[in-house]
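The values are calculated or read from the model by the stated rules, or taken from the named source; none is laboratory data. A quick note: this is a predicted structure, and the numbers were derived from the prediction, not measured. Heads up, the Cβs are rebuilt from the backbone with ideal geometry, glycines too, and the neighbour counts pull from every protein chain shown.
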Amino acid sequence: MEVKREEKLQEAVSDILKSYEERGELSHLEGGTLPNRETIWGIVEDLLKLLFPGFLEGTMIPRDDIAARTSERVSSLERRLKGEIEKGLRFKKEPDAGVQERSRKARAIALKLLAEIPAIRELLAADIGAAYEGDPAARSDEEIILAYPGLQAIAVHRMAHVLYVEDVPLVPRVMTEYAHARTGIDIHPGAQIGRRFFIDHGTGVVIGETTQIGKRVRIYQGVTLGALSLPWGAGELLRDKKRHPTIEEDVIIYSGATILGGDTVIGARSVIGGNVWVTESVPPDTKVFLKKPELVYRGGS
Amino acid sequence: MEVKREEKLQEAVSDILKSYEERGELSHLEGGTLPNRETIWGIVEDLLKLLFPGFLEGTMIPRDDIAARTSERVSSLERRLKGEIEKGLRFKKEPDAGVQERSRKARAIALKLLAEIPAIRELLAADIGAAYEGDPAARSDEEIILAYPGLQAIAVHRMAHVLYVEDVPLVPRVMTEYAHARTGIDIHPGAQIGRRFFIDHGTGVVIGETTQIGKRVRIYQGVTLGALSLPWGAGELLRDKKRHPTIEEDVIIYSGATILGGDTVIGARSVIGGNVWVTESVPPDTKVFLKKPELVYRGGS
Amino acid sequence: MEVKREEKLQEAVSDILKSYEERGELSHLEGGTLPNRETIWGIVEDLLKLLFPGFLEGTMIPRDDIAARTSERVSSLERRLKGEIEKGLRFKKEPDAGVQERSRKARAIALKLLAEIPAIRELLAADIGAAYEGDPAARSDEEIILAYPGLQAIAVHRMAHVLYVEDVPLVPRVMTEYAHARTGIDIHPGAQIGRRFFIDHGTGVVIGETTQIGKRVRIYQGVTLGALSLPWGAGELLRDKKRHPTIEEDVIIYSGATILGGDTVIGARSVIGGNVWVTESVPPDTKVFLKKPELVYRGGS
């Protein structure tokens, strides 16, 4: 019995090892370590602490310690970010000249993200203001920072976007998946998003790679800013094209609305009603609602 | 090179420290420790173990040990709950008189929640009955407790609601975000929810702060019980008003339906069909469905 | 004061203990240890590492080590899987003869799942190909494995389904909840899903227990493949009946579409448009879209 078990285990192992050779694309056994999801998610958590000091720690940071604490954090983040970015850069279509050049570049990009932190905090302060103004259930800035998934998603996006612009493969996408897994909000790191952005509730929101969003835009749960349908195999042709909509400033998009297509522009100050499906541009200052649907009311017995 | 790196790091740190001063609302560096998300989420996990003993531990609790184990759990939870509630109470608009009064009050509220556990278990037993009756895929009570996200969300809500009623800032909202992050079900701790409540699947469900739900209500994934739209800046006026609907007893609401507005009442025993968008009251014993939409069928080549 | 606290704590404990007796169905205090969620989720994480070696570890696996590493992993997984499956088998309606028989059966099922790993890798290679082809934002296979929630959900499903077919209670359902909690994609382990399956974005997707899906099917976020409505109490009658739709090969289903009913068949090569609600069969080679809804456009002030 025990012998039979050993045999079966051995057989399973040898079949799995054979499969590792035959299906090489599912086995990353050469070509250098890949960016690591756990490591990147840990970096994201520390970046959030750097963005909002005192909000995510268990105890108060004494004012005397804040300089030393920040210095340590920045230094640790630089080292870890550099490591993951360096691993990511190996996956560029046209890889950099050599190991040293890649190392240098990875360090420069890590430092760039850290140098952007104050500017990102400026943007997030405006986002928090928009959340407070937009949601009557919000009681304080503290509540928004501690408990609003939309803020978490936009904070991670604004950082991941810096790496996307620097053309780092894999790492920014793994960063935004941190937020997607926790909030149900799926913002591609390529999306360009203006100041004072507010996502309420947020579960089910999808914002595609080439979306452009102006200032003071507010969206609700289940909103998709996506690409038009495409037949099997057309993917390759559309890579790197603008496939997702443009949302101008001061637009509000209610829950479950879907806006598709790279040429679709929602004009400034327009309002898109709940569940509306839009694949064409909407002029500025327009309200678009579903015609009140005919509901069938059937009385009881 | 190494020198340049040090310089750049130092520059980043000093810019970040400057930003901490300038954007004080994003830097919690004074005024006492905030309620901590990790701590509160750990408390929620232990509260769930207290609610469902034997279900979430890795090994059997010997019957001889259950009294001692429960006593330890309750004592530890009281201490930790008291700590977080006390931190929360600092954020009341009209804070309590002093440190001692706040400490006393925090302890009383922690004890109140623990004293409510048997009553909450009564409610959850009824919720589990409703899940078993409502979902043909359910095989046993054990499966519902171990694997139904809707039950997890309602269990956390019923506990967070106790703290909401006691007017504790921040803590109840962070508690329900534990469930939101894990289940995609976003129930505000203020919502009032009756016995035998069942949410199936649940991803994308939103239940707003002033919602009232009667007995034996069943809802599906993607249902929103929300507020009517509001223009920028109207948030302040609506704070503390009833903004979300009332759902009377024995109502069923199918997936993707949206019911909005504080004056909207769905009458007892009514059925709201999938994807229906309702902003007006519905009488009792009514079935509301979308008129069968005109579908465009286009044959193949 | 301190005395009063002790008294109140003691009272809470004794009321909770009483509730444990009275509400026995919420207290698992006898009948053997239940399958444990944490343990099963840890197993799922290790199974994913076994499926995709080198993708989820923090460092490169040296080629020399891969055989030893795999052997260790398989052996550890066999032991842990066997333990959880054995606990699950206690919950069968007609339990196996005795402890030894259950132990033997649990081991055989654990070995079966491990023996299926190469075949599951074959299926996942095809799923990855479908994702790359179907999503212009995908840059590489590595990105899909590291960052696509749809792939994670289908990988977990394909493993859980093996245990479902072997009629193991509880464990497969807890496995798919691992994916549901992380991705918002709720696939019941009973669903039968063909090759080259791709779910894009995925939050809010629900695929019911008796769904059948053919080859090369693509679905988007918010799609429900569900059961028709049922009145309270009808659950028991429908258990073990086919309640969910059949999707034939090469079908595409866009975001937010809902397809319900056990007799509903979506014919091969058909396309179901966004937000469409289907409760009747659709012939092959058909495109079904919502009639362009009448939108109400209201200009600005």
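When residue C:23 is tested against (1) over 30 Å from residue A:41 (Cβ atoms); (2) assigned by TED's automatic domain parsing to the domain that holds residue C:88; (3) basic (Lys, Arg), only condition (2) is not met.
The set of residues from the range B:62-80 being surrounded by fewer than 19 Cβ atoms within 10 Å (Cβ to Cβ) and more than 28 Å from residue A:54 (Cβ to Cβ) comprises B:62, B:63, B:64, B:65, B:66, B:67, B:68, B:69, B:71, B:72, B:73, B:75.
Can you confirm whether the range B:152-159 contains a residue that is in a helix (DSSP H, G or I), over 14 Å from residue B:207 (Cα atoms), within 15 Å of the chain's Cα centre (by Cα) and within 11 Å of chain C (Cβ to nearest Cβ)? Yes, because at least one residue in the range B:152-159 is in a helix (DSSP H, G or I), over 14 Å from residue B:207 (Cα atoms), within 15 Å of the chain's Cα centre (by Cα) and within 11 Å of chain C (Cβ to nearest Cβ). Exactly one residue among B:224, B:176, B:264 is at the interface with another protein chain (Cβ under 7 Å from one of its Cβ atoms) and either out of contact with any Cys (no Cβ under 9 Å at 6 or more places or on another chain) or within 20 Å of residue B:155 (Cβ to Cβ) (or both), and that residue is B:224.
Scanning the range C:52-75 for residues that are modelled with pLDDT under 90 and of a type in the set (S, T, N, Q) yields one hit, C:59.
Counting the residues of the range C:89-147 that are part of a helix (DSSP H, G or I) and in contact with a Gly (Cβ under 8 Å, 6 or more places away or on another chain) gives 5.
So, residue A:243, is that one out of contact with any His (no Cβ under 9 Å at 6 or more places or on another chain) and on the phi < 0 side of the Ramachandran plot or not? Judged against the criteria, residue A:243 is a match.
When every residue of the range A:95-107 is checked against the conditions, none turns out to be closer than 23 Å to residue A:45 by Cβ, surrounded by 17 or more Cβ atoms within 10 Å (Cβ to Cβ), within 20 Å of the chain's Cα centre (by Cα) and among the small types (Gly, Ala, Ser). Checking each residue in the range B:273-301 for being among the hydrophobic types (A, V, I, L, M, F, W, C) and either within 11 Å of chain C (Cβ to nearest Cβ) or not in a strand (DSSP E or B) (or both) picks out B:276, B:289, B:290, B:295, B:296. Against the condition β-branched (Val, Ile, Thr), away from chain B (no Cβ under 11 Å), within 18 Å of the chain's Cα centre (by Cα) and crowded, with 21+ Cβ neighbours inside 10 Å, how does residue C:253 come out, does it pass? So residue C:253 fails the test. Summed over the range A:28-66, residues that are within 14 Å of chain C (Cβ to nearest Cβ) and not polar (S, T, N, Q) total 14. Going through (1) more than 9 Å from chain B (Cβ to nearest Cβ); (2) buried (at least 20 other Cβ atoms within 10 Å of the Cβ); (3) without any contact (Cβ under 8 Å) to a residue 60 or more places away in the chain one by one, residue A:89 falls short only on (3). Just one of the listed residues (A:42, A:83, A:54, A:32) is assigned by TED's automatic domain parsing to the domain that holds residue A:142, surrounded by fewer than 16 Cβ atoms within 10 Å (Cβ to Cβ), of a type in the set (Gly, Ala, Ser) and farther than 26 Å from residue C:124 by Cα, namely A:42. Of C:163, C:114, all but one fail to be within 9 Å of chain A (Cβ to nearest Cβ) and crowded, with 23+ Cβ neighbours inside 10 Å; the exception is C:114. Closer than 27 Å to residue C:287 by Cβ and either buried (at least 24 other Cβ atoms within 10 Å of the Cβ) or assigned by TED's automatic domain parsing to the domain that holds residue A:135 (or both), is that true of residue A:183? Answer is no for this residue.
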